[in-house]
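**Q** Handing you this structure, nothing more for now.
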Amino acid sequence: MTIRILHTADLHLGTPLRNFGEIARERQRDFLKTFDRIVNLAIKREVDCLVVAGDLFDATEVDSETVGRVQDGFGRLEGRGIRVVLIPGTHDNVVPAESVYNRHAFPGAAILREPVVSEPLRMDIRGTAVWFYGFAYRSDRSAEALESMRRREGAGIHIGLLHGSLKGSPEWEIRGKDIPFTAADLVALGLDYIALGHYHNSACLEDGGRIVACYPGSPEGKKFGENGPRHALVVEVGEGEVRVEKVPVQTRVVDELTVDASLFPEPGALEAELSRLASPDLIARVRLCGTVEEPVDAANLGGRLQGKFAWLDLVDETDLYHSDHVRRLEREDSIRGLFIRKVHARFDRAESDAERELCREALKLVMGRFGRGGVI
């Protein structure tokens, strides 16, 4: 007997997303749309249970509209006979009295909110006993919480939910409020599958070729670095067997691209290449690199391209300093030639990388003004 669960985590509903500038509010709506997509996926794939491994919300206090959208989604699942099991995370913890989980009811969802697992939650799913182990971490009461998830006696399928940090992961440094563990720690719990949350990129941990636990990653990119398609996991779990399918669920893709501007020297060629990469559903940070013969007017170029992306952050990292064009201009008997010679002399005397970078940026700025007919 196997059951099918949909595993997600780290939706961070209600996050302010100020890093996306003028589209921050639109991005908040994207996150709600992605939650709806996850609910629809659970219905479409006829899963037995939706499992949320922490940080459904971005904070302990959540606006009423967001709460209502979640209540509606869970209600839709309940109406289809799909169970919901979730744990609070680090962002939406239950410690303060005003926590969203203390102030609001979520019918249709079983919230594992105790600081340790006294007894696992039992559900009977299609005639099989399914046991859920999970806790809401509290630094003052959860010292033995991970050990409390060790498998109990009882026939059926045993599933854990854990919002924590894998030791040795390059993704980020473990903080005081995180729950650290190793892959061996998870294996020792003896569970059939552990639904992880906290890290925002997907990964599965295996033991002897068997999947023990997975991070689904954030289902919608919260910042640059959470790039590319984002997923929820459709997981088939039986006693001692697990199969995992990654299913894209994002509303928009966040990505970082690098374009060598030196490869597109002809007028309009660089803009044409960036237009080729554009998509109305792409939130992009594009870094321009390479040694160019003319300064790139990144502000003007970004303005012309902005409507072709969902949002574009164009970063000019091109090198004008070492171009043949600048070397030729340096020999001019003109204000421009004098300026270039002075910048080169200052660069040669620079005592830090920051000072040398300042020289490069000054050269870009002034050469751009000359190139556009500005007055210096």
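The values are calculated or read from the model by the stated rules, or taken from the named source; none is laboratory data. Since the structure is predicted, the reported quantities are computational estimates derived from the model, not experimental observations. As a convention, Cβ positions derive from the backbone with ideal geometry for all residues, glycine included, and neighbour counts pool all protein chains shown. Quick note on the areas: whole protein, heavy atoms, side chains included, nothing else; ligands and nucleic acids left out. Shrake-Rupley method; radii C 1.70, N 1.55, O 1.52, S 1.80 Å.
**Q** Report yes if Pro115 is buried (at least 19 other Cβ atoms within 10 Å of the Cβ) and either assigned to a loop (DSSP other than H, G, I, E, B) or more than 23 Å from the chain's Cα centre (by Cα) (or both), otherwise no.
**A** The answer is yes for Pro115.
**Q** Step by step: first the residues of segment 9-30, then only those that are touching a residue at least 24 places away in the same chain (Cβ under 8 Å) and in contact with a Gly (Cβ under 8 Å, 6 or more places away or on another chain), then the one that is surrounded by the most Cβ atoms within 10 Å (Cβ to Cβ). Which residue is that?
**A** The residue in question is Ala9.
**Q** From the set of residues in segment 245-266 that are over 20 Å from the mean Cα position of the chain (by Cα) and assigned to a strand (DSSP E or B), which is nearest to Asn40 (Cα to Cα)?
**A** In this case the residue turns out to be Val259.
**Q** Is it the case that Tyr101 is aromatic (Phe, Trp, Tyr) and in contact (Cβ under 8 Å) with a residue 40 or more places away in the chain?
**A** no
**Q** Take the conditions in contact with a Phe, Trp or Tyr (Cβ under 6 Å, 6 or more places away or on another chain) and either β-branched (Val, Ile, Thr) or surrounded by fewer than 16 Cβ atoms within 10 Å (Cβ to Cβ) (or both) and apply them to Val70. Does it pass?
**A** no
**Q** Still on this structure, please answer the following. Just checking, how many residues over segment 211-247 are at pLDDT 95 or above, open to solvent by 50 Å² or more (accessible area, probe 1.4 Å) and within 18 Å of Ile157 (Cα to Cα)?
**A** So the count comes out to 1.
**Q** Pull up segment 267-312, narrow it to residues that are within 25 Å of the chain's Cα centre (by Cα) and among the β-branched types (Val, Ile, Thr), then point me to the one that is farthest from Arg29 (Cα to Cα).
**A** Val286
**Q** If a residue has to be within 30 Å of Ile157 (Cβ to Cβ) and open to solvent by less than 10 Å² (accessible area, probe 1.4 Å) to count, how many in segment 48-67 make the cut?
**A** The qualifying residues number 9.
**Q** Would you mind telling me which numbered condition in (1) open to solvent by less than 40 Å² (accessible area, probe 1.4 Å); (2) of a type in the set (Asp, Glu); (3) without any contact (Cβ under 8 Å) to a residue 12 or more places away in the chain Glu147 fails?
**A** It is condition (1) that Glu147 fails.
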